[in-house]
1. Any residue in the range 183-196 that is basic (Lys, Arg) and either at pLDDT below 80 or in a helix (DSSP H, G or I) (or both)?
2. Have a look at ARG23, ARG77 and point out the one that is over 30 Å from MET335 (Cβ atoms), surrounded by fewer than 16 Cβ atoms within 10 Å (Cβ to Cβ) and either under 27 Å from the mean Cα position of the chain (by Cα) or modelled with pLDDT of 80 or more (or both).
3. Out of the residues in the range 367-383 meeting the condition of being more than 14 Å from LEU356 (Cβ to Cβ) and open to solvent by less than 60 Å² (accessible area, probe 1.4 Å), tell me which one is farthest from the chain's Cα centre (by Cα).
4. So THR8 clears everything in (1) modelled with pLDDT of 75 or more; (2) open to solvent by 50 Å² or more (accessible area, probe 1.4 Å); (3) of a type in the set (Ser, Thr, Tyr) except one condition, right? Which one?
5. Can you run down the residue pairs with Cβ atoms below 6 Å, 6 or more apart or on separate chains, where the first is in the range 78-98 and without any contact (Cβ under 8 Å) to a residue 40 or more places away in the chain and the partner is part of a loop (DSSP other than H, G, I, E, B) and open to solvent by less than 60 Å² (accessible area, probe 1.4 Å)?
6. Checking TRP362 against (1) under 17 Å from the mean Cα position of the chain (by Cα); (2) modelled with pLDDT under 90: exactly one of these is not met. Which one?
7. When the residues of the range 384-400 are narrowed to those that are open to solvent by 20 Å² or more (accessible area, probe 1.4 Å) and of a type in the set (A, V, I, L, M, F, W, C), which ends up farthest from ALA371 (Cα to Cα)?
8. Consider ASP203 carefully, then state whether it is over 30 Å from GLY353 (Cβ atoms), modelled with pLDDT under 85 and exposed (fewer than 12 other Cβ atoms within 10 Å of the Cβ).
Amino acid sequence: MASIFSSTHNHIFLGEGHEKNERRTWMVIGLCSFMMVAEIIGGLLFGSIALVADGLHMSTHASALLLTALAYSYARRHADDARFSFGTGKLGDLAGFSSAIVLAMIALLIGYEALTRFIWPVPISFDEAIPIAGLGLIVNVASVLLLSGGGHHHDHSHAIHGQDHDDARILQTGAGPLTLEIFEDGVPPRFRLSCVGRMLSADGVIIETTRPGGARQVFAMAAGDGCLESIDEIPEPHAFTARVTLDRGGDTYLVDFKEHEHAHGAAHRDNNMRAATVHVLADAAVSALVIVGLLFGRFLGWTWMDPLAALCGAVVIATWSYGLVRDTGAVLLDMNPDRRMAERIRAIIETDGDQLTDLHLWRLGPGHLGAILSVATERQRGPEYYQSLLGRFRTLSHVTIQVQHQ
């Protein structure tokens, strides 16, 4: 007999700071629009076709950002629209995917123009072009600062991991405080026991874990790099009471460990803001490269540096575009955003002999994941039991559980 449970709540899966990011994007659009009008009018008044061209280029920049702003606005206004089964959180990923396609087209256009300039060089008005490129760089730097809220904005194509371990526990012993932690920074998880200022002896130190279901495991310790480290790996999940015994059965200390969610960048990343920032950074990179090329051409006569700088810029933009297409496409196709979380979910469900027969994990929006599970068990457990086990994963915003009683 099967029983089904689905968490009941609203389906608003927008990212943290959604409205703030929306306001920042509109501010950048306003800045770009002002510069666009100023450059076009100035170019027409002073007869500078280069200034007019840069103004028209700024209009494409503002148009791309407009897509980001409209996606934020639409997702916010329709966040509780029942027609969207899982909310509008993925609308930003759709906008990011579209922006990535636009970026790829811009890279191809710049690359084509650069190659034609190698074959058919044209005269360059360096004294006029250099200040315009400098002005464009200033505007783009200001745009980056606005989008990042005046702070630093870092974006990586891959998930960002910090040091991966549970919170350290301090044991107050007669020989001084000891630090016990589960360490798994790029290595299989093991216990580490250390004391500041002196090296512990592994003789007589034993750690025994007792899990909620009553299962026990004993870990012997060995000398590590400035600490004692368990010889055996710690199986998932990391939810148990650890009994630390020192001096061959002398002092004993009990430490509780609870499983913590390890937040990965792919689950929390706002791809809509990422796309807007990539647009601005791409423009800034091209502006910087163009300035370098123009300076070489102006003072050394190396006119070929101008198209070479543009070609380098095209390669940089194409690379960023590829990363954005890959990541947003994965979200739109409901790929598993966090394989490690899936492994942890399986380990938690199967701790006491139950079997996870099916698992679907996908992203609903920045910082929000959905999950559908099918569990086979011989015990009289309902879906609510497994829902409580998964409560430690804060990014699981929508969970449906089917239980098959064998």
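1. Within the range 183-196, not a single residue is basic (Lys, Arg) and either at pLDDT below 80 or in a helix (DSSP H, G or I) (or both).
2. Answer to the selection: ARG23.
3. Among those that are more than 14 Å from LEU356 (Cβ to Cβ) and open to solvent by less than 60 Å² (accessible area, probe 1.4 Å), it is GLY382.
4. (1)
5. From the range 78-98, the pairs are HIS78/THR88.
6. For TRP362, the failing item is (2).
7. So the residue we want is LEU389.
8. yes
The values are calculated or read from the model by the stated rules, or taken from the named source; none is laboratory data. Worth saying up front: this structure is predicted, and the values here are computed from it rather than measured. Reconstructed Cβ throughout: ideal geometry from the backbone, glycine too, with neighbour counts over all protein chains shown. Each accessible area value is taken on the protein alone, full model and side chains, heavy atoms only, with ligands, DNA and RNA left out. Shrake-Rupley method; radii C 1.70, N 1.55, O 1.52, S 1.80 Å.
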